[in-house]
Amino acid sequence: MDNALKTWINLVSSQDIEGVVNLYADKGLLLGTFSDKIRIGKDKIKEYFEDFLSQNPKASIVESNIHVMHDKSLIINGLYDF
């Protein structure tokens, strides 16, 4: 499960939009760090990352929490530096 977060950090840091978006469920929810909108679904999540990743961020984990919902679903939240 830590690998999921490390994968997300690596994909964000390499500006891999498709890779990042594919980590989210089809009806996934994103509360973007640099946005005041709630985004639901891959199309809306992709809109956020198209803008955000165009700024070439490099990400690192400050603190994180992983909540396992069941064997194929988890929620990761925390604090990140960009």
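The values are calculated or read from the model by the stated rules, or taken from the named source; none is laboratory data. Because the structure is predicted, anything quoted here is derived from the model rather than measured. Neighbour counts run over all protein chains shown; Cβ positions are idealised from the backbone, glycine included.
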Residues (within 16 Å of residue 8 (Cβ to Cβ) and in a loop (DSSP other than H, G, I, E, B)) located in region 30-69: 32, 33, 34, 57, 58, 59
Residue within region 66-82 that is out of contact with any strand residue (DSSP E or B) (no Cβ under 9 Å at 6 or more places or on another chain) and basic (Lys, Arg) present: yes
Failed item in (1) surrounded by 14 or more Cβ atoms within 10 Å (Cβ to Cβ); (2) of a type outside the set (A, V, I, L, M); (3) without any contact (Cβ under 8 Å) to a residue 40 or more places away in the chain; (4) farther than 18 Å from residue 78 by Cβ, with residue 15 passing the rest: (3)
Leading residue by the ranking (surrounded by the most Cβ atoms within 10 Å (Cβ to Cβ)) among those in region 40-82 that are acidic (Asp, Glu) and within 17 Å of residue 19 (Cα to Cα): 47
Filtered residues of region 70-82 (kept if under 17 Å from residue 12 (Cα atoms) and among the charged types (D, E, K, R)): 81
Close pairs from region 22-41: first touching a residue at least 60 places away in the same chain (Cβ under 8 Å), partner in a loop (DSSP other than H, G, I, E, B), Cβ under 6 Å, at least 6 apart: none
Of residues in region 33-82 being among the charged types (D, E, K, R) and within 17 Å of residue 5 (Cα to Cα), the one modelled with the lowest pLDDT: 72
Residues within region 47-67 that are under 16 Å from residue 28 (Cβ atoms) and more than 14 Å from the chain's Cα centre (by Cα), tallied: 1
